[in-house]
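Q: The structure's right below; bear with me while I get my questions together.
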Amino acid sequence: MLEKITEKCNGCGICVLGCRRNVIELRGEGKGKKAYIVNRADCVLCYNCERYCPLEGVVYVGPEVNTSAFKKHLPQFGRLTTAQATPLEVYAEMQYGGQIPEEKQDVIVVGAGCAGLVAAIAAAEAGATTTVLEKATDISDTNTSRSGGGFDIAMEREVNPDARRLSIEEKVRQAIEITGGHCSPELVSTCVQNIDSTIEWLKKMGMKLARRGIPGYADSLQPWLLARGAGSGANKQLLSIAIKKNCRILFNSRAEKLLTDPAGRITGIRARTADGIKDFAAKAVILATGGFQANQEMLHKYIGADFAYDIRLTGSPFSTGDGHLMAQKVGAKLINMDQIHPRNIDKSWVPGSTGMQGPLRELQVLAHYCIFVNKLGRRFMDEVDTSDIVANSILKQPGQAISIIFDERIRMIEPGEVANYKPEGIIMKAASIEELATIIDAPYDELGKTIAEFNSTVKDGKALSLDVPKRDLAMKIETPPFYAIYPVYCGLNCTMGGPEINPDAQVLDRDDIPIPGLYAAGEMAGGMFFGRYHTTEGGATFYKGNYQVTTCMLTFSAVYGRIAGTNAARFSRARASTV
Ligand SMILES: Cc1cc2nc3c(=O)[nH]c(=O)nc-3n(C[C@H](O)[C@H](O)[C@H](O)COP(=O)(O)OP(=O)(O)OC[C@H]3O[C@@H](n4cnc5c(N)ncnc54)[C@H](O)[C@@H]3O)c2cc1C
């Protein structure tokens, strides 16, 4: 006997349209028309029947019955995979009697993080009517809000008055070297040329960004600016500026699909809003949806299965690569998709948190004097490298976990850092190397050998003749008690790949031709970063004034957000005059 999908069925047929395997059919006539399960065995658990059914309480077809457990994992809106687009659109059409309501704007920005809000402000300032679509209900958990709020800038002279200011060409050359040739020189060049003016522009509009000294290093200045209220302060400040500039911000509005005309020009975007599905006609669209660190399917595809399964997400749960997928569907070329920006975290990290208190942040000075060993008891990298390089190296170690080791003499260089490291118990103490080996779960003979070899090589603060040399801040590990932080893991802050943009922030297609009307900015834009931010020296050595930094993700987001907003507004004006 045929089974009704639900007793309440009104025969609308949405579930039949949504079903991906012809599991359901409409039977009967007129008011007696109902959806029946005709082929349960073929159900692939896509859950479309449940998701698109307009009635409350419909039970989906699949063999699982724990619907409420499943629902917890459903995204707030939308579908699990883009392959399910058709039923969603059909549903929208039925809901609105075949008419999807349409709004008209000059510029639509997708995403209300740093890049999106800066883009919206710039577009509004250039005279465009601007709407920002944000899928979250507020800005409390964007990646920008999660961030430390540090905007790297080129301040070498202020860090060290004797340092020579690098030319733009030298900075571009360094970026090419750092990225192994995987950045676009034009993109980098435009970025470094626009950093100062973008920061000044933001400050003029009331954004509070200040230089911050390092405690204990009164004469040193960090080569970055810190937003008041850190990352969440930065996002709030930008939101309030955008509102003052008359940008309309629609929360709870998830962009789903770029709309194009037959010539492939962008004509707007379809979004699922609190009022249902709407088409927003626009002359230009700016995608600023952040990365794909919270999309396991994409992590699998681009970064690798091992990593995708073991991921410790320190970035935003809203970073699901929506912009990447929408852009790809209209022909955008995605580049550097296997590149990520991880951070080191200790065992106090809990899922859902940012992991802001990682060891290299808490031991800003000391960490670079320590030695790092893996589970085999072996050193694997030069400890003076930047935290980006440390985190990337941790990923390649057995169990993706390492130990940071130091002795009493090193502790005394900056005892406050150890005393202030919270919570208690993260830094463990041992009376001997043998006890230390037990604490960090490494073989004693290997650890003993590693430390003995290291100690015998240290000379003038360097340990250069080792297979894994330490080029600075090397001190023997010989004075008990010994200390260890273990395990130190790697969390995922952001991804670095995405649709390639040109220096005008236009999204390029696979033949490197700009897609008319489509712009991208921020973490989702590809072509700038590969492996790490553009810092040229180890984290430790900048205390000596050698740190030449060009840009990080927030700076890149602000600079290209502004470029995207200005150019999208200009494009929309030009388009208006030709229509
Ligand atoms: C713990 C941590 C610390 C960090 N510290 C720093 C730092 O100090 N300096 C630095 O430079 N970088 C830092 N970063 C990285 C930095 O936070 C991000 O790379 C940067 O904020 C990216 O900004 P964005 O505007 O591109 O993306 P986001 O801030 O992530 O904003 C994207 C927005 O788009 C929305 N969105 C996504 N899809 C859709 C859709 N379909 N429809 C509508 N809206 C959508 C999201 O909900 C989100 O609000 C840090 C990151 C983390 C996690």
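The values are calculated or read from the model by the stated rules, or taken from the named source; none is laboratory data. Just so it is clear, the model here is predicted, and its values are computed rather than measured. When we count neighbours, we look across all protein chains shown, and the Cβ atoms used for this are built from the backbone with ideal geometry, even at glycine.
Q: List pairs: first in region 16-31 and in the same structural domain as residue 53 (by TED's automatic domain parsing), second among the basic types (Lys, Arg), Cβ under 6 Å, 6+ apart or cross-chain?
A: Close Cβ pairs satisfying both conditions: 26/33; 28/34.
Q: Okay, moving on. Scanning region 101-119 for residues that are near the ligand (Cβ under 10 Å from one of its atoms) and of a type outside the set (A, V, I, L, M), which turns out nearest to residue 280 (Cα to Cα)?
A: That would be 111.
Q: Within region 495-531, which residues are more than 10 Å from the ligand (Cβ to nearest atom), surrounded by 24 or more Cβ atoms within 10 Å (Cβ to Cβ) and aromatic (Phe, Trp, Tyr)?
A: The answer is 519, and nothing else.
Q: Would you check which residues across region 138-152 are near the ligand (Cβ under 6 Å from one of its atoms), not in a helix (DSSP H, G or I) and not small (Gly, Ala, Ser) and list them?
A: Within region 138-152, just 142 meets the criteria.
Q: Any idea which residue in region 300-342 is modelled with the lowest pLDDT, counting only those that are basic (Lys, Arg) and in a loop (DSSP other than H, G, I, E, B)?
A: For region 300-342, the residue satisfying everything is 312.
Q: Considering only residues that are in a loop (DSSP other than H, G, I, E, B) and on the phi < 0 side of the Ramachandran plot, which ones fall in region 343-355?
A: 346, 347, 348, 349, 350, 351, 353, 354
Q: Please pick out the residue among 476, 429, 449 that is assigned to a strand (DSSP E or B) and among the basic types (Lys, Arg).
A: That would be 429, the only listed residue that is assigned to a strand (DSSP E or B) and among the basic types (Lys, Arg).
Q: Can you confirm whether residue 351 is within 13 Å of the ligand (Cβ to nearest atom) and either of a type outside the set (Gly, Ala, Ser) or under 30 Å from residue 483 (Cβ atoms) (or both)?
A: Taking the combined requirement at face value, the residue does not satisfy it.
Q: Continuing with the same structure: Would you mention how many residues in region 222-262 are of a type in the set (A, V, I, L, M, F, W, C) and without any contact (Cβ under 8 Å) to a residue 40 or more places away in the chain?
A: Here is the first cut: in region 222-262, the residues of a type in the set (A, V, I, L, M, F, W, C) are 224-227, 230, 234, 238-239, 241-243, 247, 249-251, 255, 258-259.
Going one step further and asking which of them are without any contact (Cβ under 8 Å) to a residue 40 or more places away in the chain, we end up with 243, 259.
Summing the residues that are of a type in the set (A, V, I, L, M, F, W, C) and without any contact (Cβ under 8 Å) to a residue 40 or more places away in the chain in region 222-262 gives 2.
Q: Would you call residue 225 farther than 21 Å from residue 321 by Cβ, touching a Leu at 6+ places or on another chain (Cβ under 8 Å), in a strand (DSSP E or B) and not assigned by TED's automatic domain parsing to the domain that holds residue 364?
A: Numbers: farther than 21 Å from residue 321 by Cβ: yes; touching a Leu at 6+ places or on another chain (Cβ under 8 Å): yes; in a strand (DSSP E or B): yes; not assigned by TED's automatic domain parsing to the domain that holds residue 364: yes.
Taking the combined requirement at face value, the residue satisfies it.
Q: Which of the residues spanning region 268-295 are under 22 Å from residue 523 (Cα atoms) and assigned to a loop (DSSP other than H, G, I, E, B)?
A: Within region 268-295, 288, 289, 290, 291, 292, 293, 294, 295 meet the criteria.
Yes or no, residue by residue, for (1) at positive phi; (2) of a type outside the set (A, V, I, L, M); (3) surrounded by 15 or more Cβ atoms within 10 Å (Cβ to Cβ):
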{"position": "240", "(1), (2), (3)": "no, yes, no"}
{"position": "246", "(1), (2), (3)": "yes, yes, no"}
{"position": "251", "(1), (2), (3)": "no, yes, yes"}
{"position": "256", "(1), (2), (3)": "no, yes, yes"}
{"position": "266", "(1), (2), (3)": "no, no, yes"}
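Q: Any idea which of (1) at pLDDT 95 or above; (2) surrounded by fewer than 14 Cβ atoms within 10 Å (Cβ to Cβ) is the one residue 234 doesn't satisfy?
A: It is condition (2) that residue 234 fails.
Q: I'm trying to understand the selection: among the residues of region 403-426, which are in contact with a Cys (Cβ under 8 Å, 6 or more places away or on another chain) and in a helix (DSSP H, G or I)?
A: Initial filter on region 403-426 (in contact with a Cys (Cβ under 8 Å, 6 or more places away or on another chain)): 404-406, 410.
Hit for region 403-426 is 410, nothing else.
Q: Next question. Among the residues of region 455-472, are any in a helix (DSSP H, G or I), surrounded by fewer than 16 Cβ atoms within 10 Å (Cβ to Cβ) and not assigned by TED's automatic domain parsing to the domain that holds residue 183?
A: Yes, because at least one residue in region 455-472 is in a helix (DSSP H, G or I), surrounded by fewer than 16 Cβ atoms within 10 Å (Cβ to Cβ) and not assigned by TED's automatic domain parsing to the domain that holds residue 183.
Q: Mind checking which pairs have a first residue in region 486-512 that is in contact (Cβ under 8 Å) with a residue 24 or more places away in the chain and charged (D, E, K, R) and a second that is in a strand (DSSP E or B) and surrounded by fewer than 24 Cβ atoms within 10 Å (Cβ to Cβ), Cβ under 9 Å, 6 or more apart or different chains?
A: 500/334; 500/335; 500/508; 504/514; 509/515
Q: Applying the selection to region 347-358, what residues are surrounded by fewer than 24 Cβ atoms within 10 Å (Cβ to Cβ), out of contact with any Gly (no Cβ under 6 Å at 6 or more places or on another chain) and of a type outside the set (Val, Ile, Thr)?
A: Once the filter is applied, which keeps residues that are surrounded by fewer than 24 Cβ atoms within 10 Å (Cβ to Cβ), out of contact with any Gly (no Cβ under 6 Å at 6 or more places or on another chain) and of a type outside the set (Val, Ile, Thr), region 347-358 yields 347, 348, 351, 352, 353, 356, 357.
Q: Out of region 265-280, which residues are more than 21 Å from residue 566 (Cβ to Cβ), at pLDDT 90 or above and among the small types (Gly, Ala, Ser)?
A: Across region 265-280, the qualifying residue is only 271.
Q: Search region 16-42 for residues being in contact with a Cys (Cβ under 8 Å, 6 or more places away or on another chain) and modelled with pLDDT under 80, and hand back the single one that is surrounded by the fewest Cβ atoms within 10 Å (Cβ to Cβ).
A: Of everything passing the filter in region 16-42, 21 is surrounded by the fewest Cβ atoms within 10 Å (Cβ to Cβ).
Q: For region 132-147, enumerate the residues that are within 16 Å of residue 323 (Cβ to Cβ) and hydroxyl-bearing (Ser, Thr, Tyr). Give the derivation first.
A: From region 132-147, those within 16 Å of residue 323 (Cβ to Cβ) are 132-136, 142-144; that's our starting set.
Correct list: 142, 144.
Q: Just to be sure I understand the filter: pairs with C-beta atoms under 7 Å, separated by 6 or more residues or on different chains, first member in region 366-391 and under 14 Å from residue 406 (Cα atoms) and modelled with pLDDT of 95 or more, second member in a helix (DSSP H, G or I) and of a type in the set (Phe, Trp, Tyr). Which pairs pass?
A: Every condition considered, the pairs that remain are 371/454; 379/454.
Q: Could you grab me the full set of residues in region 525-542 that are hydrophobic (A, V, I, L, M, F, W, C) and at pLDDT 70 or above? Even if it seems obvious, please write down each step before you answer.
A: Just the residues of region 525-542 that are hydrophobic (A, V, I, L, M, F, W, C), to begin with: 525, 528-530, 540, 542.
Those that are hydrophobic (A, V, I, L, M, F, W, C) and at pLDDT 70 or above: 525, 528, 529, 530.
Residue-by-condition table, conditions (1) within 16 Å of the ligand (Cβ to nearest atom); (2) touching a Phe, Trp or Tyr at 6+ places or on another chain (Cβ under 9 Å); (3) closer than 16 Å to residue 337 by Cα:
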{"residue": "282", "(1), (2), (3)": "yes, no, no"}
{"residue": "289", "(1), (2), (3)": "yes, yes, yes"}
{"residue": "294", "(1), (2), (3)": "yes, yes, yes"}
{"residue": "302", "(1), (2), (3)": "no, yes, yes"}
{"residue": "309", "(1), (2), (3)": "no, no, no"}
{"residue": "314", "(1), (2), (3)": "yes, yes, no"}
{"residue": "319", "(1), (2), (3)": "yes, yes, yes"}
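Q: Filtering region 308-345 down to residues that are among the charged types (D, E, K, R) and buried (at least 21 other Cβ atoms within 10 Å of the Cβ), which residue is farthest from residue 269 (Cα to Cα)?
A: Looking at residues that are among the charged types (D, E, K, R) and buried (at least 21 other Cβ atoms within 10 Å of the Cβ), I get 343.
Q: Pick from 141, 152: which is closer than 30 Å to residue 171 by Cα and surrounded by fewer than 24 Cβ atoms within 10 Å (Cβ to Cβ)?
A: None of the other options fit; the residue is 152.
Q: Go through region 482-522 and count every residue that is under 23 Å from the mean Cα position of the chain (by Cα) and outside any strand (DSSP E or B).
A: Of the residues in region 482-522, 8 are under 23 Å from the mean Cα position of the chain (by Cα) and outside any strand (DSSP E or B).
Q: Could I ask something else about it? Yes or no: region 358-368 includes at least one residue that is assigned to a helix (DSSP H, G or I) and over 25 Å from residue 494 (Cβ atoms). Even if it seems obvious, please write down each step before you answer.
A: Within region 358-368, the first condition is being assigned to a helix (DSSP H, G or I), and the residues that meet it are 359-362, 366-368.
Pick out the ones that are also over 25 Å from residue 494 (Cβ atoms) and you get 366.
So far as region 358-368 goes, yes, one or more of its residues are assigned to a helix (DSSP H, G or I) and over 25 Å from residue 494 (Cβ atoms).
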